[in-house]
Amino acid sequence: MCGILAYFSESNISVSDLNDFLSSLNSIKHRGPDGKGVVLINTYSGKIKNIDPYIKHSKKIDKNVLFNDDYNLVLGHTRLKIIDLTNKANQP
């Protein structure tokens, strides 16, 4: 079964918050060992940033990922391939 994780804050998400989120997402990797995806969202402006390229080779994020951007929602997903085994079914 796939795993889904979300973190919302009324203020901006810090690098520490993001690293805690990734640690939590890593703790449910057994629910979806075939892939994962993470996006940052600003719920006020609608801006979205996919941070998959930053987490592929590292379990921690540095401050350069957030730059000067303001995000207050993080969505994460771990994938278990069952029906569609292609990467076209990757989320989020």
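The values are calculated or read from the model by the stated rules, or taken from the named source; none is laboratory data. Here the structure is a predicted model, which means the values were calculated and not measured. Cβ atoms come from the backbone with ideal geometry, glycine included; neighbour counts cover every protein chain shown.
Taking the criterion of being over 22 Å from Thr86 (Cβ atoms) and part of a loop (DSSP other than H, G, I, E, B), the residues of region 1-19 that qualify are Ser9, Glu10, Ser11, Asn12, Ile13, Ser14. The residue that is surrounded by the fewest Cβ atoms within 10 Å (Cβ to Cβ), counting only those in region 65-92 that are modelled with pLDDT of 70 or more and charged (D, E, K, R), is Asp84. May I ask you to list the residues in region 20-64 that are at pLDDT below 85, under 11 Å from the mean Cα position of the chain (by Cα) and in a helix (DSSP H, G or I)? Scanning region 20-64 gives Asp52, Pro53, Tyr54, Ile55. Restricting attention to region 5-26, the residues that are touching a strand residue (DSSP E or B) at 6+ places or on another chain (Cβ under 8 Å), closer than 16 Å to Thr78 by Cα and of a type in the set (Ser, Thr, Tyr) add up to 2.
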